[in-house]
1. I want to check the label-to-label distance for ASP27 and ARG6. Put each point 7 Å from Cα in the C-beta direction and report it in nm to one decimal.
2. In the range 119-170, carbon and sulfur make up what percent of the accessible area (probe 1.4 Å)?
3. For a paramagnetic label modelled at 7 Å from the Cα of VAL55 toward its Cβ, which residues of the range 7-39 fall within the zone defined by backbone nitrogen distances under 11 Å?
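The values are calculated or read from the model by the stated rules, or taken from the named source; none is laboratory data. All values reported here derive from a predicted model rather than from experimental measurement. So basically every Cβ, Gly included, is an ideal-geometry build from the backbone, and we count neighbours across all protein chains shown. Protein only, heavy atoms only, side chains kept; ligands, DNA and RNA dropped before computing areas. Shrake-Rupley method; radii C 1.70, N 1.55, O 1.52, S 1.80 Å.
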Amino acid sequence: MSAGLRTLLLDHYEEFRKRLRRRLGSDDLALEALQETWLRVERMRENAQPDRNPVAYLFRMAVNAATDQRVAQARVLTGMEIEALMDEVVDDQDPASVALGQAEIAVLAEALRELPRRQRAILLAARVEQEPLDAIARRHGVSLRMIGKDLKKALQHCATRLDRRVVQRFGPGAGKQS
């Protein structure tokens, strides 16, 4: 962790909080962004220090953390929304579409059964339960990188079985077929 950035974050904490509250429109969002910024600083290498204006660097890091949180929250359906979608009756489904959907569900279930136990657990925890990857890594006692590799393999296996392509949505190579 970069001790200099950590100290700087502590020294300017209230200033960052006020600026973020004005920018984000919420003290809660500002506090969440600062907490995530702290965690990101903790994960940095000791010698990682911006060449110019570390205060601006930390503020930009906090804004990016808030943006990442908003994007993640916008993607996740609540339990009530999922139940409402499951309870929704669609009358305009023709029998062929229903049969195709049921066949795909059966293929997916079989593909999940074919996965090694850890890959299946990682896929379900990450994609169904929306559990953070670092928490999954701690639970399995492996690195975050290994979790990413296992998740990618599991997704690729399921996509292959469903005759679909996998598009990486985040990280290096985002938007490219994997």
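1. Between ASP27 and ARG6, the label points sit 2.8 nm apart.
2. Working: 1840 of 3500 Å².
The value for the range 119-170 is 53 percent carbon and sulfur by accessible area.
3. Answer for the range 7-39: 12-13, 15-16.
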